[in-house]
Amino acid sequence: MPDLLLSIHIEDISPELYGDRRPRFFTYWTNDAYRATGCYNLLCSGFVQTNHKIAIGAAITPTSSYRGGQFDISLLIWKDPKHGNWWLQFGSGILVGYWPSFLFTHLRGHATMVQFGGEVVNNRRGSHTSTQMGSGHFAGEGFRKASYFRNLQVVDWDNNLIPPPNLKVLADHPNCYDIRGGSNRVWGNYFYYGGPGRNPRCP
């Protein structure tokens, strides 16, 4: 079973965990595909925070608004070639902390896949959840309406940032949440994504 290092999510709305519906910056790790290991943020040993200027699990502010101002957060994850730890960088040069190499098996060497995107937990039976992804609007609405990732890059063997090879876009339930990718000189590789969840096309 492969490792799963990340869930570095820019937005997590979890009333059960935080007691409100505000979007938050959070981390999650597991080394057995969610079976018995791992946890959110700093609720168990695992992620080692080295800089407390960034509060993991804290509410995000300001947030983008539909047809209004758009705010980006830059994140970088890379493996320290000397110690094998996986570091998290927030913004321009703020090292938040790291996942120690001993947590993982496959990721002790390198990652074989990187995923960007949104995720919704659906515990409903018989109908889809009405939980929104991103702004709650489909990718086709574009800038200032749909959520987006931009300037997608990966770290290569020489520790350089490069465009991701073989980039593919995928939506598990495109009538509930969808995705549209593209590339240009300003945004590099990017995609819009999201949706309302349950709707007439997604019962």
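The values are calculated or read from the model by the stated rules, or taken from the named source; none is laboratory data. All of these numbers come straight from a predicted model, not from anything done at the bench. Methodologically, a virtual Cβ is constructed for each residue, glycine included, from the backbone with ideal geometry; neighbour enumeration extends over all protein chains shown.
Computed values, structure above
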read-out	value
Segment 19-37 residues that are under 18 Å from residue 47 (Cα atoms) and in the same structural domain as residue 62 (by TED's automatic domain parsing), paired with ones that are in a strand (DSSP E or B) and acidic (Asp, Glu) (beta carbon under 8 Å, 6 or more apart)	24/11; 24/12; 25/11; 25/12; 26/12
Residue ID - nearest to the chain's Cα centre (by Cα), chosen from residues in segment 122-168 that are surrounded by fewer than 16 Cβ atoms within 10 Å (Cβ to Cβ) and aromatic (Phe, Trp, Tyr)	143
Strands (runs of 3 or more DSSP E) enclosed by segment 122-203 - at least 1 residues per element that are over 23 Å from residue 22 (Cβ atoms) and in contact with a strand residue (DSSP E or B) (Cβ under 9 Å, 6 or more places away or on another chain)	178-184, 188-194
Residue count, segment 84-109 (criterion: of a type outside the set (A, V, I, L, M, F, W, C) and loosely packed, with under 12 Cβ neighbours inside 10 Å)	3
Residue list for segment 169-181, restricted to those being surrounded by 11 or more Cβ atoms within 10 Å (Cβ to Cβ) and of a type in the set (A, V, I, L, M)	169, 171, 179
Single match in 175, 159 (criterion: at positive phi and in the same structural domain as residue 198 (by TED's automatic domain parsing))	159
Filter pass, residue 94 being of a type in the set (Val, Ile, Thr) and within 20 Å of residue 26 (Cβ to Cβ)	yes
Check on residue 186, hydrophobic (A, V, I, L, M, F, W, C) and surrounded by fewer than 13 Cβ atoms within 10 Å (Cβ to Cβ)	yes
